[in-house]
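Notes follow once the structure below has been shown.
The values are calculated or read from the model by the stated rules, or taken from the named source; none is laboratory data. These figures come from a predicted structure and were not determined experimentally. Don't worry about glycine lacking a Cβ; one is built from the backbone with ideal geometry, like all the others, and counts go over all protein chains shown.
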Protein chains: 2
Amino acid sequence: MTAQTTLFEAYKQTKYKHTGHGPRNVNVLKTVMDEIDGERLSDMYGNGRTINPFEEKMAEFLGKEAAVFFPSGTMAQQIALRIWADEKGTKKIGYHPLSHLEIHEENGIRELHGLEPVLLTDRNHVVELEDITKLEENPACILLELPQREIGGQLPSYQTLEQISAYCREQGIKLHLDGARLLEILPFYQKTAAEVSALFDSVYLSFYKGIGGIAGAILAGDKDLISQSKVWKRRHGGDLISLYPYTLSADYYFEQRKDQMALYYEQAKTLASFYNECPDILTVPREPVSNMFHVHVNAKRDVLEPILIDIYEETDLGLTGFLGDTADGTLYFEVNVGDAYANVPQITVEKAFQLLREKLQKMYVKGV
Amino acid sequence: MTAQTTLFEAYKQTKYKHTGHGPRNVNVLKTVMDEIDGERLSDMYGNGRTINPFEEKMAEFLGKEAAVFFPSGTMAQQIALRIWADEKGTKKIGYHPLSHLEIHEENGIRELHGLEPVLLTDRNHVVELEDITKLEENPACILLELPQREIGGQLPSYQTLEQISAYCREQGIKLHLDGARLLEILPFYQKTAAEVSALFDSVYLSFYKGIGGIAGAILAGDKDLISQSKVWKRRHGGDLISLYPYTLSADYYFEQRKDQMALYYEQAKTLASFYNECPDILTVPREPVSNMFHVHVNAKRDVLEPILIDIYEETDLGLTGFLGDTADGTLYFEVNVGDAYANVPQITVEKAFQLLREKLQKMYVKGV
């Protein structure tokens, strides 16, 4: 390890990763394009054979009347919430304090739509029924993110989902699913996408996370919601003349990976158990409930980074390129299992975790 | 001609068109992808080698400090206007009554941004200096669309542009260029893109019109505007993880077509003169000032459609697939000259216009 080597640089250099589907490079699109007849006509502002049949297929997959393809989930979700707020005549929307809308969208929900988010529960827990029943005023809509990405992809019990859904229906509160990673949780719940979606009035699904497409999202719900969403999509500047680079790749990788989620989930559980065997490491959740989890390491950055870099250089396996800080002073990183893990030789995985255990053990003994 | 044949169907069947760059099919993207190294990494949320160098190149081309790529012009322009309105502390924005924002964006400017458009001039004229000087209250920003697409691509004189620019600067009114078709007007004005842009505080340019890319737009201006625009781009849901299908194709076709605009302009003037030799036809403008013009035909739909369909079937040249109604009871369609025209055999063009002249003459004599 040279003094100049940063964790990110060392990570990039490794041949193997245990996260993701491989590099996000132009080949991801070329692979799709190679399968498509060049004479096939572009969609035109949301219409045409490269977009509408895929929307219909996703509506059916999600068990909803209709669906519309968006360039991004940010756009899809703000729009769904705005429509529900307008319908209910209140600007209040309930969601988790670490919701994508709250921390990754520069406040679009407030600045563009004038909505008033109500933060349910605290940062480290998933939303439970009582977080909703105890609200003094009913919001127009509750958004549930399944799994809750920023806390390692945790999930409420399925019974809780059913109770929340029943309560919201009884109270006239719309229930929206941030299902960016919906497919990834189906093996844990042992449900179909349509079964989970049936608990919700509107559902968003992303195509570049577990599915590994280029970009894009689906919003599904009843016909009236989707019809209004198309008007808002145009207002947002999302009704592009051509979305086919995204729709075609979404469809391609959806077909390729929709049935792989159970495998990723099993592999995530195995990987998490390897991490949990190391001193001063705990995964969140302890046992993953999807293809993802967070690794929390009780170590100092200037100690942990050289350890990881050594492991990357010795094994050619990259574990993470980034270490975040948690509120309680530990370091963390995210693991998302995809196609890449299957390409890592078993002996490489074993070697990397053996080194990680040993090096953390030494650190522990030295008390650094 | 069969009774069932519609104008649009007959148009689609023709081998040649005198408008556009050819079919908007998947080959438009494949052609670009074939030139790109598959190992090249995707942009990531607005950063990376597939987006930033192109933004810098376009900033330089437009003579501005900075530029940011957007998935759509709808998004880019609303955002520029919002930033100028916030800076000036007034919600008023002045533009033409047939501006894209007014008629094609489902009122996003009002519904998303709460701005208050002031419609300058009447529908059939371009914005002149006095349309601005006579305003009782200064708006935050004036948007000029050059050329004014919905009235055939008309332009004010360059002197008028200079006067408007000087007046706006003096009055502290921001001036924004809807330059969706900026390249297309440079041969008429005999100016560079940077020279025209220098009259404006912010400039938008589209990549799928004269340039013929897949989709996407550039917004250019000073560093502060562009920095704020990136925040709003995220709020709008336009800060996609990957925009490279659009940025790479924008760059490719920009290079391919930026120097073709003078040719398209000359061809448009020739084509317009052919139309103007026909009875009951007038082009708007009479002599084009870009690659585009509108054809106004003083005829009834049920008379003109069969005439056009006959010509398409006899010559294999499609003139238009669509006839619109003007306010004064004539029919009209748009002509945009691009690469396709050069592929039409000269004899086919001559034959088509000979037929059009003869058939309209007969109609005229019969008094239908």
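Details
- The residue that is surrounded by the most Cβ atoms within 10 Å (Cβ to Cβ), among those in segment A:92-102 that are more than 14 Å from chain B (Cβ to nearest Cβ) and of a type outside the set (Lys, Arg), is A:His96.
- Yes/no for A:Thr50 being touching a helix residue (DSSP H, G or I) at 6+ places or on another chain (Cβ under 6 Å) and in a loop (DSSP other than H, G, I, E, B): yes
- Sole residue being within 14 Å of chain A (Cβ to nearest Cβ) and either surrounded by 15 or more Cβ atoms within 10 Å (Cβ to Cβ) or under 27 Å from B:Gln148 (Cα atoms) (or both), chosen from B:Glu39, B:Glu35, B:Glu65, B:Glu105: B:Glu105
- A:Leu186 vs. criteria outside the structural domain of A:Glu105 (by TED's automatic domain parsing) and over 25 Å from A:Ser42 (Cα atoms): no
- Test result for B:Pro117, surrounded by fewer than 23 Cβ atoms within 10 Å (Cβ to Cβ) and in contact with a Lys or Arg (Cβ under 6 Å, 6 or more places away or on another chain): no
- Yes/no for A:Leu175 being within 14 Å of chain B (Cβ to nearest Cβ) and farther than 22 Å from A:Pro288 by Cβ: no
- Those residues of segment B:247-283 which are β-branched (Val, Ile, Thr) and either in contact (Cβ under 8 Å) with a residue 24 or more places away in the chain or farther than 30 Å from B:Lys366 by Cα (or both), in sequence order: B:Thr247, B:Ile281, B:Thr283
- Odd one out for A:Ile79, checked against (1) aliphatic (A, V, I, L, M); (2) in contact with a strand residue (DSSP E or B) (Cβ under 6 Å, 6 or more places away or on another chain); (3) buried (at least 24 other Cβ atoms within 10 Å of the Cβ): (2)
- Just one residue in the set B:Gly108, B:Gly38, B:Gly22 is small (Gly, Ala, Ser), touching a residue at least 24 places away in the same chain (Cβ under 8 Å) and over 24 Å from B:Trp232 (Cα atoms); that residue is B:Gly22.
- Verdict on B:Tyr253 being in contact with an Asp or Glu (Cβ under 8 Å, 6 or more places away or on another chain), of a type in the set (Phe, Trp, Tyr) and within 13 Å of chain A (Cβ to nearest Cβ): no
- For A:Met75: the one exception among (1) within 20 Å of A:Ala198 (Cα to Cα); (2) within 23 Å of the chain's Cα centre (by Cα): (1)
- Filter result for A:Arg49 (surrounded by fewer than 19 Cβ atoms within 10 Å (Cβ to Cβ), farther than 19 Å from B:Ser242 by Cα and facing chain B (nearest Cβ under 10 Å)): no
- Among the candidates A:Leu205, A:Leu219, residue that is closer than 30 Å to A:Ala268 by Cβ, more than 14 Å from chain B (Cβ to nearest Cβ) and within 19 Å of the chain's Cα centre (by Cα): A:Leu205
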